[in-house]
Amino acid sequence: MGFSQDVFSTKIGVHVTNLSKYERNKSIPSLEIAEKMASALDMSLDELVYGQQNEKARLHLADNELLNLFNKTQQLPDDQKKTVMDLLSAFLLKANLAKQLT
């Protein structure tokens, strides 16, 4: 957002020294301060803590085709999403069982 540490620390009600500690992972803000940070940055607390959903998925899924399929699945109606999740769960259970039996 282009805030200086001074401006941002004032917006969230902490001393600039504490903000610096948060940035360097030397200290963890309270939930109240984290909520103020998210509000000042115009994002949800979940986005502040975990990042944007697509970015998280990209970091954990190296297979772009699989990531695209998951993104398309999110567009489906809830009943169809549940069917996809059930199929995937069944497939993974079968693969895990086969692995254990070998």
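The values are calculated or read from the model by the stated rules, or taken from the named source; none is laboratory data. Since this is a predicted model, take the numbers as computed values, not measurements. Cβ placement follows ideal geometry from the backbone for every residue including glycine, while neighbour counts extend to all protein chains displayed.
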_Would you confirm, using the coordinates I've provided, whether residue 72 is among the basic types (Lys, Arg) and modelled with pLDDT of 90 or more?_
no
_Whichever residue in the stretch 21-41 is over 17 Å from residue 1 (Cβ atoms) and small (Gly, Ala, Ser) and, among such residues, is nearest to the chain's Cα centre (by Cα)_ = 30
_Residues satisfying the stated conditions in the stretch 24-46, i.e. free of Cβ contacts under 8 Å to residues at least 24 places away in the same chain and surrounded by 11 or more Cβ atoms within 10 Å (Cβ to Cβ)_ = 27, 29, 33, 34, 35, 38, 39, 43, 44, 45, 46
*With (1) in contact (Cβ under 8 Å) with a residue 12 or more places away in the chain; (2) over 18 Å from the mean Cα position of the chain (by Cα) as the list, and residue 78 as the residue in question, which single condition is left unmet?*
(1)
